[in-house]
1. Distance between Cα centroids, segment 88-155 to segment 183-240: provide it in whole Å.
2. I'd like the antiparallel share, as a percent to the nearest 5, of DSSP beta bridges with both residues in segment 168-288.
3. Taking Cα atoms, how many degrees apart are the long axis of helix 42-56 and the longest axis of the chain, rounded to 10 and kept between 0 and 90?
4. Looking only at the chain, where both bridge partners belong to it, what percent of the DSSP beta bridges are antiparallel (to the nearest 5)?
5. With 10 angstrom as the radius, rank 253, 232 by how many other C-beta atoms surround their C-beta, starting from the fewest.
6. If each DSSP helix of 4+ residues adds -39,500 (n - 2.57) and the sum is divided by the residues in the chain, what number results at 222 nm, nearest 500 deg cm²/dmol?
7. Using a 10 angstrom cutoff on alpha carbons, build the Gaussian network for the chain and name the most mobile of 154, 46, 81.
8. Would you mind classifying segment 120-277 by shape? Square roots of the alpha carbon gyration tensor eigenvalues, ordered a ≥ b ≥ c; an a/c under 1.5 is rounded, otherwise it is prolate if a/b is larger than b/c and oblate if not.
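What follows draws every value from the coordinates through simple rules; no lab data is involved. These figures come from a predicted structure and were not determined experimentally. A quick note on method: Cβ atoms are made from the backbone with ideal geometry, for glycine too, and the neighbour counts reach across all protein chains shown.
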């Protein structure tokens with residue numbers, strides 16, 4: 001029996017060949033950081049998963065069962081990555097979702113992975129960023145969700161193998177800056193925090209939401225809108241974020257260089273405070 005993965009509660013690493021997640025990417029996933037045996041920001045991830053399931057018409061697994069399975073896999077890990085996948089389940093051939101009464105329950109997969117070996121310098125000194133050739137397609141029906149269709153990111157990430165470049169920046173078909181291949185993007189300009197709107201494409205990251213909340217709490221002006229590469233050229237500070245990496249300053253993009261500025265540092269400090277509080281709240285609550 002596997003000790004690092006559960007499929008519908010069983011310690012196996014196989015799913016039905018007819019699973020719609022395999023055939024059509026018909027499902028969603030969440031990626032969580034694990035610290036001291038505890039999945040971080042659990043409630044926020046479960047809320048996004050529930051909202052995504054509702055948008056796709058997939059039955060949401062019982063959060064308490066997901067939590068119990070996650071804790072069972074994570075409890076012996078001081079630091080790890082937890083991934084939760086929910087698919088529509090097994091079904092016949094064809095795009096049309098099966099009638100709910102005639103198909104099996106959604107498939108839930110909970111798996112734990114080793115912590116990535118990101119250099120400490122990424123968070124302390126910043127990263128190098130590149131612009132990807134692969135463009136994101138616009139589809140408001142899927143925008144914001146962390147659905148299983150990630151071929152655009154796969155193609156974008158395959159564009160470089162230079163270890164000095166930590167992340168790639170993705171634009172949409174109208175040349176608007178949207179996000180990194182695995183992160184959300186922020187820039188600082190004249191004391192304001194700017195981030196792309198994600199109502200046509202992109203993933204609304206959990207860490208992105210935390211950073212926006214922290215900015216408001218600190219009295220930092222926030223603007224969510226369309227951004228171009230020219231906006232990045234004029235930026236005073238740039239950083240990216242995700243649930244595992246946290247916040248990484250950007251020190252270089254093409255020929256442009258940036259410092260780890262005061263707003264980036266303040267937001268990182270505020271972010272750590274919010275995460276500590278949420279970890280304490282999560283420790284006090286034993287249900288999902």
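1. 21
2. Details: 17 of 22 bridges.
Of the beta bridges lying entirely in segment 168-288, close to 75 percent run antiparallel.
3. 70
4. Values: 42 of 57 bridges.
Here the antiparallel bridges make up roughly 75 percent for the chain.
5. Values: 253 19, 232 22.
Placing the least packed residue first, the sequence is 253, 232.
6. On the way: 8 runs with 84 residues, N = 288.
Roughly -8500 deg cm²/dmol at 222 nm, from the helical runs in the chain.
7. 154
8. Numbers: a/c = 1.45, a/b = 1.23, b/c = 1.17.
It comes out rounded by the Cα gyration axes.
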